[in-house]
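Below is one structure, written out as structure tokens; the observations come after it.
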Amino acid sequence: MACDPIEHTEPVEHKQLTQGHRILIVTPSLPYPPIWGFGIRVYQFVRLLARNHNVTLLTYAEEGEGSKITAIEEACATVHTVHMVKPTASSDPGKRAAQLASLVSPISYQRRSLYTPQMQQKLDELAAQEKFDIIQVESSQLAGYRFDARSTVVLDEHNIEYELLYRMYQSDRSPARRLYNWMEFRKFRREEIKSWHDSCGCVMTSAREAEIVRKIVPSKPVEVVANAVDIEYFRPSGEAEDSNAIVLTGLMRYRPNIDAAVYFVKEIFPRILASRPNMVFYIVGAGAPEELKRLAGPNVVVTDTVPDVRPYVHRSAVFVVPLRMGSGTRLKVLEGLAMEKAMVSTSLGCEGIDVGNGEHLLIADDVADFADSVLKLVDDREMAARLGRQGRELVERQYSWETVVAQLESFHKKLLAARAERLN
């Protein structure tokens, strides 16, 4: 990844800080507005690293995203974009065709979909203009590029993608999707592990995932830099709750969130409605496909894109995370805890976050247990309030962005010091 030499010319002048490191962050999409997990993490890294370092962002962008680029430029030194037209939904015909084509390729769709000669050319141009101390690659899907060998390449794994693909293979009921996910899992596992070997260091969102990397690549420096939450933006309000409201938030074109919403509506919610027929389930988040919109009815509201998810969360009596597939850690859990919401989650939904069942939230993996847990929190508002308070205390203590970005900076510093020692 960082071992192939590139021809260089003299550096050009850029606006820059007088201290800190030169950091290039490479990401598959503009992390603005920061309204979904991946984008929130990248945006907070860019914003907070730029306080002490010279941060450049390289990303794919689409037509009409000029205002988003301007907003990001206010947070860091420079933004470079490469044009790409991305599918707007999982059912996009172009995406489906590309996925089918990938079945006969030794390269995964995960890699093929994000590799373009234009992005490689831009990376080469930036390397020719200046030497970056750190190149931080946001996700292993982007790790197939050739990066400047003079730079320390850090791979930020938002989740272990091959693990997610395997879980999707296990959980999906569609035979076609199961076959596709199995084939993608086999290909991408090989590619993802190679990206761990090739990087100078790996950043993981949980200790569980860090241990997986250490077992496979024992000599690789690995750091846990957890997902976090803006504890000032996501905070409790004095707004009265609606005892009949349940909420799920997230990017709704993301397959694990689609599955979670369908699973809740079709299998869990009927048990709740049997006891409380006036309950309403709010599915809140951008990109809802027809599969979710068809669920809408008297007791199910599918909002699609909203300017702010907080009013829906504030009004809800219970925040649910019925995830059955996924990897990494879920920012929606941290946001709900930060807002002191009573929460019910599957074990997988809150995986990697230092929560305790009955201490910060309720954990339920069985359909009946999940429904009973929701009803318990609706009925026992004293328990709901206690869990909410303790959840807020947890995120204040461990999951603020300032805390985790400080850990990331320390990891960068350690890697740079190790490299300098090797070169000397």
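The values are calculated or read from the model by the stated rules, or taken from the named source; none is laboratory data. The structure presented is a predicted model; accordingly, all values stated were derived computationally and were not measured. Quick reminder, even Gly has a Cβ in these numbers, built from the backbone with ideal geometry, and neighbours come from all protein chains shown. For accessibility, only protein heavy atoms count, side chains too; no ligands or nucleic acids. Shrake-Rupley method; radii C 1.70, N 1.55, O 1.52, S 1.80 Å.
Would a scan of the range 15-22 turn up a residue that is at pLDDT 95 or above, surrounded by 18 or more Cβ atoms within 10 Å (Cβ to Cβ) and on the phi < 0 side of the Ramachandran plot? Checking the range 15-22: at least one residue is at pLDDT 95 or above, surrounded by 18 or more Cβ atoms within 10 Å (Cβ to Cβ) and on the phi < 0 side of the Ramachandran plot. Taken over the range 162-182, residues that are buried (at least 19 other Cβ atoms within 10 Å of the Cβ) and of a type outside the set (D, E, K, R) amount to 9. Looking across the range 388-424 at every residue that is among the hydrophobic types (A, V, I, L, M, F, W, C) and touching a helix residue (DSSP H, G or I) at 6+ places or on another chain (Cβ under 9 Å), the one that is farthest from LEU48 (Cα to Cα) is identified as LEU394. Residue pairs whose Cβ atoms lie under 9 Å apart, sitting 6 or more positions apart in sequence or on different chains, and linking a residue in the range 33-58 that is closer than 22 Å to LEU123 by Cα to a partner that is open to solvent by 40 Å² or more (accessible area, probe 1.4 Å) and among the β-branched types (Val, Ile, Thr), are LEU57/THR81; LEU58/THR81. Hey, among the residues in the range 223-267 that are acidic (Asp, Glu) and over 23 Å from the mean Cα position of the chain (by Cα), which one's surrounded by the most Cβ atoms within 10 Å (Cβ to Cβ)? Within the range 223-267, the match that is surrounded by the most Cβ atoms within 10 Å (Cβ to Cβ) is GLU241. Out of VAL302, VAL306, VAL265, one residue alone is farther than 30 Å from GLU191 by Cβ and either assigned to a strand (DSSP E or B) or in contact with a Cys (Cβ under 6 Å, 6 or more places away or on another chain) (or both). It is VAL302. Only a single item in (1) over 26 Å from GLU335 (Cα atoms); (2) at pLDDT below 95; (3) buried (at least 16 other Cβ atoms within 10 Å of the Cβ) is not met by THR56, and it is number (2).
If you check every pair at least six apart or on different chains, which have Cβ atoms under 6 Å apart with a residue in the range 294-316 that is touching a residue at least 60 places away in the same chain (Cβ under 8 Å) and surrounded by fewer than 18 Cβ atoms within 10 Å (Cβ to Cβ) first and a residue that is in a loop (DSSP other than H, G, I, E, B) and not hydrophobic (A, V, I, L, M, F, W, C) second? Short answer, once both residue conditions are applied: none. In the condition set (1) under 30 Å from HIS314 (Cβ atoms); (2) not in a strand (DSSP E or B), LEU248 is compliant with all but (2). Set side by side, the residues GLY388, GLY358 differ, and just one is open to solvent by 10 Å² or more (accessible area, probe 1.4 Å), over 20 Å from GLU157 (Cα atoms) and more than 22 Å from the chain's Cα centre (by Cα), which is GLY358.
Among the aliphatic types (A, V, I, L, M), touching a Cys at 6+ places or on another chain (Cβ under 9 Å) and buried (at least 20 other Cβ atoms within 10 Å of the Cβ): which single residue out of VAL333, VAL284 fits that description?
VAL333
Among the residues of this structure, GLY328 counts as one that is open to solvent by less than 50 Å² (accessible area, probe 1.4 Å), within 26 Å of ASP156 (Cβ to Cβ) and either assigned to a loop (DSSP other than H, G, I, E, B) or among the acidic types (Asp, Glu) (or both). Filtered by the rule that a residue be in contact with a strand residue (DSSP E or B) (Cβ under 7 Å, 6 or more places away or on another chain) and either in a helix (DSSP H, G or I) or without any contact (Cβ under 8 Å) to a residue 40 or more places away in the chain (or both), the range 377-406 gives LEU377, VAL378, LEU387, GLY391, VAL395. If you check GLY64 against the conditions, is it open to solvent by less than 60 Å² (accessible area, probe 1.4 Å), modelled with pLDDT under 95 and either farther than 28 Å from GLU335 by Cβ or outside any strand (DSSP E or B) (or both)? No. Close Cβ contacts (under 9 Å, 6 or more residues apart or on different chains) running from residues in the range 199-211 that are closer than 24 Å to ASP133 by Cα and open to solvent by 10 Å² or more (accessible area, probe 1.4 Å) to residues that are at pLDDT 95 or above and assigned to a helix (DSSP H, G or I) comprise CYS200/LEU415.
Filtered by the rule that a residue be assigned to a loop (DSSP other than H, G, I, E, B) and under 16 Å from the mean Cα position of the chain (by Cα), the range 139-195 gives SER139, HIS158, ASN159, ILE160.
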